[in-house]
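K.L.:
Encoded as structure tokens, here's the structure I'll be asking about.
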Amino acid sequence: MTDILAAAAFAADLPPSLQEDPDSLQAHFQPGIAPDEIEQVFHLKRAQPTLQAFTALFHGGGDAVTVRLLVLRELASDTSAAGFTRADINTRLGYLTSESLETVLQRLRSHGLLAWDASAGVYRITPMARNVLSALDTLLSMGQADDEAEMGFLLSQVAGAQAVGGVTVDQLKHLLGRLVDLTEEFRDAIASGSEFRLRTSQAKWHMACDWVEKGSEILRAITTDEKADAATHKAAQAIGRAQSALLNMQGMFSRALNQIERQRVHLGQSGLSTTDVKRWLLNHEDLSSLAVGAIDRPVVPLFITPAEMIDVAETELMAERSAVVADGGLPAGMDAPLTVNDTPAIMVELDTWLSRLSDFANIGVFPSIGEEAPKSVPIQDSLLPASFAVASYRASMLPLLGDAAEASLQGATAELARLPVVFTPEDEMVQLDDPHVAAISRATLSIATEVPDNGQPDE
């Protein structure tokens, strides 16, 4: 009864047009506006058969949708025969009740997903049903994959359409929209200053870059296709610019993480930092459980009468008077401790590292095989000997070499960025005979022989 009254009240609040015919498309638009005049309405009306197929599958509750998809997928997966008799269907789907199976078959047949061949007495899977299942299988498989960037399905749609020569502007715009969303998400993570959010976004950024690399060939084929129209070329070029903006965020992530590294707070001489403490707390699902056993007994309030309060106050007053009357004096003075060095240890290490790289910048320090040979040294010669922590800190500062944005600032890191030294990393590892570092990525430090107009060294 309550549901009926609520429905009646809701209907009374609707405009007269919706009360008369709520299923009419015109009832959802402003007066004087024809739905057929809108381009998207035209495209959706043209695709009504496909939309009705999806409606037949997904209309209703989640359990009913699951059963319909189960029946249709089971029948479509059997390619041994082109048709299925009712006996074959009953045998294959014997785990369903006969009433539910009959209802699902009737619905699939009435909406064109199953076709009944009266002459042969068999059911057949229609081409529309196979197209719908193919689209769903692609979406489901991409959803189960490790795709935190959520670009796999969109890129697969563009790649498949390009392979058959039918890529549309709307498909490219969906991919472009996802790239713009990711770029904005990464910028927000960098602006937040949260190390954990930065680490998470950086991992997601690496995955997005993998998809960008796979999609570059597809975009190159689209832009070089003479048959593509101007709108398709324009959308592909916009995707290329969005990909470039996404790839250029590597320096922003590095600078933000280096800034956090310089501001990291360590807890005494324990070697632990606030990041370690936060990571340890995040590993506990129930933080309140940490307090179990920490408090032996609850706080017990004490209630006293005014008489006891007067006695306690009198005792405290007399004790203070006795302390004043008693012989005594001020304690002997003591010299304040002198601060020998207020410079943080991390800044001392940075100055030492900067001085060492400045020595490497001297051409005479670099080895030379021949007169025309490039001046370079292996990266391990500059990072070691040192402890693992110091070597890691030095390695984290190497991407700042030649950074134009950092070089325009002030401070020790800006001096590091202005050094005429080029850092060239490689993808291989080299084994070392060092007590602290067993292996290190192969890389070199080279002297920059020329300085272009923009102030950045050139090899």
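K.L.:
Contact order normalised by length for the stretch 56-159, with contacts defined as Cα pairs under 8 Å and 6 or more residues apart; what percent is it? Spell out each step's value before the answer.
P.N.:
Values: 62 pairs, mean separation 24.3, N = 104.
After rounding, I find 23 percent.
K.L.:
Hey, can you grab everything whose amide H is under 5 Å from the amide H of Gly112? Only 5+ residues off in sequence or another chain; H modelled, so Pro and N-termini drop out.
P.N.:
none
K.L.:
Past 30 Å, Cα to Cα: identify those pairs from Lys214/Lys234; Lys45/Lys204; Lys204/Lys227; Lys173/Lys204, in the order given.
P.N.:
As for pairs spanning more than 30 Å Cα to Cα, those are Lys45/Lys204; Lys204/Lys227.
K.L.:
Using a simple spin-label model with points 7 Å from Cα along the Cα→Cβ vector, what separation in nm is obtained for Trp280 and Ser408?
P.N.:
According to this spin-label approximation, the distance is 4.3 nm.
K.L.:
Residue by residue, what Karplus-based ³J(HN,Hα) values in Hz, rounded to whole numbers, does the stretch 65-75 have, using 6.51, -1.76 and 1.60 with θ = phi - 60° and x for Gly and Pro?
P.N.:
Result, rounded to whole Hz: 5, 4, 5, 4, 5, 4, 5, 5, 5, 5, 6.
K.L.:
Could you give the length gained on full extension between Ala47 and Ala245, defined as 0.36 nm per residue of separation minus the Cα-Cα distance, in nm? Write down the numbers at each step before the final one.
P.N.:
Working: separation 198, 0.36 × 198 = 71.28 nm, distance 3.56 nm.
Here the answer is 67.7 nm.
K.L.:
Would you mind ranking Glu349, Glu37 so that the residue whose beta carbon has the fewest other beta carbons within 10 Å leads the list?
P.N.:
The order, fewest Cβ neighbours first, is Glu37, Glu349.
K.L.:
In addition: For Trp211, Trp280, which order do you get if you count the other beta carbons within 10 Å of each Cβ and list the fewest first?
P.N.:
Least to most surrounded, the residues fall as Trp280, Trp211.
K.L.:
Scan around Val421 for amide H atoms under 5 Å from its own, H built in the peptide plane at 1.01 Å from N, and keep only partners 5 or more places away or cross-chain.
P.N.:
Ala448
K.L.:
So how much slack lies between Asp434 and Ser77, counting 0.36 nm per residue of separation and subtracting their Cα-Cα distance, in nm?
P.N.:
Gain on stretching Asp434 to Ser77: 122.6 nm.
K.L.:
Kindly state, to the nearest 0.05, the FRET efficiency for Ala34 paired with Arg199, given R0 = 60 Å and r defined as their beta-carbon distance.
P.N.:
0.70
K.L.:
For Ile260, Ile38, what ranking results if the residue with the fewest other Cβ atoms within 10 Å of its Cβ goes first?
P.N.:
Ile38, Ile260
K.L.:
So which GluC sites (Glu not before Pro) in the stretch 164-234 are both in a DSSP loop and have at most 15 other Cβ atoms within 10 Å of their Cβ?
P.N.:
Glu226
K.L.:
Find how much the distance from Glu185 to Thr224 grows on full extension, using 0.36 nm per residue of separation minus their present alpha carbon separation; answer in nm with one decimal.
P.N.:
Working: separation 39, 0.36 × 39 = 14.04 nm, distance 3.11 nm.
Extra length from Glu185 to Thr224 when fully extended: 10.9 nm.
Read-outs: derived from the displayed coordinates by stated rules, not from any lab. Because the structure is predicted, anything quoted here is derived from the model rather than measured. All Cβ positions, even for glycine, are placed from backbone atoms using ideal geometry, and neighbour counts span all protein chains on display.
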